[in-house]
């Protein structure tokens with residue numbers, strides 16, 4: 001079947017009138033190619049059962065117009081990651097669990113053809129001179145590709161997908177990602193313009209949570225986002241989205257997050273949101289947070305909430321803040337109010353396992369108090385068991401929020417188990 005599919009693909013392209021095709025709408029062209037592939041099957045002289053015939057036609061059209069064997073995976077709304085290791089090994093993540101898919105590419109050339117199509121449509125390039133690239137699909141999915149000679153075993157393709165409709169905090173509560181009290185705390189923190197870091201490992205849902213929390217943005221606030229690949233889908237009517245740019249063929253023209261951040265400060269923002277803070281832009285972000293742009297947010301890779309602060313300190317030191325560590329920590333403490341850390345449980349579920357308040361720096365470092373956390377109690381038939389709890393700490397920023405007319409139920413800070421979402 002693969003050989004016939006390849007032959008049909010080649011014969012379709014060989015007989016296609018590209019001049020006429022360029023003047024057609026996509027729907028018309030797809031319909032014409034569908035009819036032509038069916039005709040080519042009849043002309044092949046081979047007996048093809050009706051079910052296989054439909055698969056052949058779909059497969060050829062996917063190769064011509066889509067992402068080849070990956071197209072059926074995009075029809076599955078539960079798949080969040082598509083990871084191509086080799087032409088015959090494609091893994092997908094569904095509900096937090098990685099499993100090998102039945103999808104297959106014919107060979108490395110077929111896989112490379114799809115990678116080139118993705119990159120070309122995104123206005124990027126990938127070749128031996130520039131063998132790795134980040135790009136974005138039309139539906140917002142984030143793509144990373146890396147090819148030989150850097151990829152020793154052949155082209156590698158990773159696709160991170162996002163829900164068609166951004167999840168809100170109530171939905172995440174239903175999924176068991178956080179407790180209702182934590183959702184209320186996040187709503188108050190965003191509405192009260194606290195500076196927040198969403199931290200965690202890769203694929204734990206940092207961007208999803210930031211999107212959900214953005215529903216509490218003020219309706220008239222001017223928000224500027226800065227990302228490598230635009231994937232934030234914030235709630236609001238005055239959102240300005242900026243995206244970095246890679247260098248061109250001559251190796252010039254690159255625009256880094258730090259460049260965009262400095263430009264954003266001249267665009268009269270009320271808030272600045274950085275899709276991921278991971279380098280020298282941390283210095284400018286701290287300056288923005290300390291100079292009148294309260295309510296700014298970012299995501300950051302780390303193993304814990306405390307590690308997020310330590311990593312931020314390291315990025316500031318590397319980004320040009322040549323000052324004593326005590327002064328640097330005071331600078332961080334004055335800028336960051338809250339760190340929300342997500343983790344992936346052994347059963348694949350994603351939860352907020354720590355919410356910490358960042359306080360003033362002392363002789364032993366920044367004061368960081370855990371407000372809410374997730375406590376694992378055991379495992380039952382492969383499912384991780386646990387519950388969300390409050391530590392009894394009432395954060396200092398509640399007084400600030402109350403001064404702005406934002407109140408949080410005192411029960412959200414009473415030590416003990418928090419009310420759980422329906423899925424926990």
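Laboratory data are not the source of any read-out in this text; all were calculated from the coordinates shown. Please read all numbers here as calculations on a predicted model, not as lab measurements. Heads up, the Cβs are rebuilt from the backbone with ideal geometry, glycines too, and the neighbour counts pull from every protein chain shown.
Conditions (1) within 25 Å of the chain's Cα centre (by Cα); (2) without any contact (Cβ under 8 Å) to a residue 24 or more places away in the chain, marked per residue:
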| residue | (1), (2) |
| --- | --- |
| 347 | yes, no |
| 359 | no, no |
| 373 | yes, yes |
| 376 | no, no |
| 384 | yes, no |
| 387 | no, no |
| 396 | no, no |
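Scan the strands (runs of 3 or more DSSP E) fully inside region 339-424 and keep the ones with 3 or more residues being out of contact with any helix residue (DSSP H, G or I) (no Cβ under 9 Å at 6 or more places or on another chain) and closer than 25 Å to residue 206 by Cα.
365-380, 383-390
Annotation: residue 404 fulfils all but one of (1) free of Cβ contacts under 8 Å to residues at least 60 places away in the same chain; (2) surrounded by fewer than 17 Cβ atoms within 10 Å (Cβ to Cβ); (3) over 21 Å from the mean Cα position of the chain (by Cα); the unmet one is (1).
Every residue in region 303-348 that is within 19 Å of residue 376 (Cβ to Cβ) and in contact with a strand residue (DSSP E or B) (Cβ under 7 Å, 6 or more places away or on another chain), please. Listed by number, the residues that qualify are 304, 305, 306, 340, 341, 342, 343, 344, 345, 346, 347, 348. How many residues does region 58-112 contain that are free of Cβ contacts under 8 Å to residues at least 24 places away in the same chain and either surrounded by 17 or more Cβ atoms within 10 Å (Cβ to Cβ) or within 24 Å of residue 31 (Cα to Cα) (or both)? Number of matching residues: 8.
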